[in-house]
1. Could you grab me the full set of residues in segment B:36-48 that are more than 8 Å from chain A (Cβ to nearest Cβ) and either aliphatic (A, V, I, L, M) or buried (at least 24 other Cβ atoms within 10 Å of the Cβ) (or both)?
2. Kindly evaluate residue B:33 against the criterion of being touching a residue at least 24 places away in the same chain (Cβ under 8 Å), of a type outside the set (Lys, Arg), assigned to a strand (DSSP E or B) and open to solvent by 10 Å² or more (accessible area, probe 1.4 Å).
3. Looking at the structure I just gave you, is residue B:25 out of contact with any Ser or Thr (no Cβ under 8 Å at 6 or more places or on another chain) and outside any helix (DSSP H, G or I)?
4. Return the residue satisfying two criteria in turn: it lies in segment A:1-30 and is without any contact (Cβ under 8 Å) to a residue 40 or more places away in the chain and crowded, with 17+ Cβ neighbours inside 10 Å, and of such residues it is nearest to the chain's Cα centre (by Cα).
5. For residue A:135, state whether it is within 25 Å of residue B:67 (Cα to Cα) and within 14 Å of another protein chain (Cβ to nearest Cβ).
6. Residues that are in contact (Cβ under 8 Å) with a residue 60 or more places away in the chain, at least 2 per element: which strands (runs of 3 or more DSSP E) completely within segment A:57-145 meet that?
7. Inside segment B:49-62, can you point out the residues that are within 7 Å of another protein chain (Cβ to nearest Cβ) and of a type in the set (D, E, K, R)?
8. Given B:1, B:5, B:53, which one is of a type outside the set (D, E, K, R) and modelled with pLDDT under 95?
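The values are calculated or read from the model by the stated rules, or taken from the named source; none is laboratory data. Everything quoted here is computed from the prediction, not taken from an experiment. Using ideal geometry, Cβ is built from the backbone for each residue, glycine included, and neighbour counts are taken over all protein chains shown. The protein model used for the area step is the full one, side chains on, heavy atoms only, and it has no ligands, DNA or RNA in it. Shrake-Rupley method; radii C 1.70, N 1.55, O 1.52, S 1.80 Å.
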There are 2 protein chains.
Amino acid sequence: MDVFMQAAIDEAQLGREEGGIPIGSVLVHNNQIIGRGHNRRVQKGSAILHGEMDALENAGRQPAGVYREATLYTTLSPCPMCSGAILLYGIKRVIVGENQTFMGEEALLKKSGVDVQVLHNDNCVKMMRDFIQDSPELWNEDIGV
Amino acid sequence: MDVFMQAAIDEAQLGREEGGIPIGSVLVHNNQIIGRGHNRRVQKGSAILHGEMDALENAGRQPAGVYREATLYTTLSPCPMCSGAILLYGIKRVIVGENQTFMGEEALLKKSGVDVQVLHNDNCVKMMRDFIQDSPELWNEDIGV
């Protein structure tokens with residue numbers, strides 16, 4: 001298991017333990033994690049803190065060059081908002097845990113030149129399947145349905 | 001002047017007075033402002049709180065139906081991240097103060113069925129022109145350049 005995807009999964013599990021939505025993300029630059037995050041809809045009453053957004057926020061204000069050289073790891077295929085943030089900052093590489101339970105804007109990212117790799121990770125799929133089964137309304141809220 | 005665009009401009013000016021980037025936004029539902037915001041990159045050291053994101057965050061967790069019926073007012077054409085948030089939540093109408101100093105993802109929004117109206121407001125243009133002249137590096141940071 002990739003150590004950075006494991007860190008994203010750890011973030012997702014932490015979010016679940018907090019009663020939140022189990023999606024985690026880390027932003028990696030020069031082989032170091034510079035931002036960790038997980039979905040905080042429940043914990044902070046937030047409409048914008050998806051896992052990827054939380055990782056970007058926790059990385060703080062970074063020079064443009066850092067984003068361009070960074071890789072974003074996320075346990076779930078990134079939604080339109082998070083994909084837009086990836087495009088805004090010119091992040092060139094995104095590693096996705098799974099896209100079976102939710103397919104985000106991978107096509108738009110690829111079309112825009114982002115290298116998107118999907119790991120089809122069973123742990124990531126199981127986390128989301130269990131969560132969606134337990135809390136379908138919360139999940140729908142998170143994806144605007 | 002539309003009262004809601006004026007509220008967005010007031011938010012932008014408040015941000016400028018705080019030493020921040022002068023972009024403001026309000027989210028309107030049933031002819032009421034349910035969220036106000038302005039760019040908080042400087043004020044909160046934030047990489048994600050563009051004006052539109054701040055307005056969405058300050059509106060709090062809303063049912064899907066509210067977003068679908070809401071109109072987002074923003075002083076500046078929305079960047080990829082903010083456009084992605086608009087698409088995530090299915091906001092169907094966006095009123096833009098100006099798109100001369102920065103052209104966001106209006107084409108993507110329109111293609112996705114969003115009604116985008118640009119007011120070409122002189123106050124909005126002047127706020128951004130003055131700001132970009134004073135703080136070009138801060139502006140570039142905000143748009144990932």
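1. Step one: of segment B:36-48, the residues more than 8 Å from chain A (Cβ to nearest Cβ) are B:36-40, B:42-44.
B:37, B:38, B:39, B:42 - these are the residues of segment B:36-48 that are more than 8 Å from chain A (Cβ to nearest Cβ) and either aliphatic (A, V, I, L, M) or buried (at least 24 other Cβ atoms within 10 Å of the Cβ) (or both).
2. Details: touching a residue at least 24 places away in the same chain (Cβ under 8 Å): yes; of a type outside the set (Lys, Arg): yes; assigned to a strand (DSSP E or B): yes; open to solvent by 10 Å² or more (accessible area, probe 1.4 Å): yes.
When the stated conditions are applied, residue B:33 passes them.
3. no
4. Only one residue tops the list, namely A:15.
5. Taking the combined requirement at face value, the residue satisfies it.
6. A:71-76, A:93-98
7. Across segment B:49-62, the qualifying residues are B:57, B:61.
8. When all the criteria are applied, what remains is B:1.
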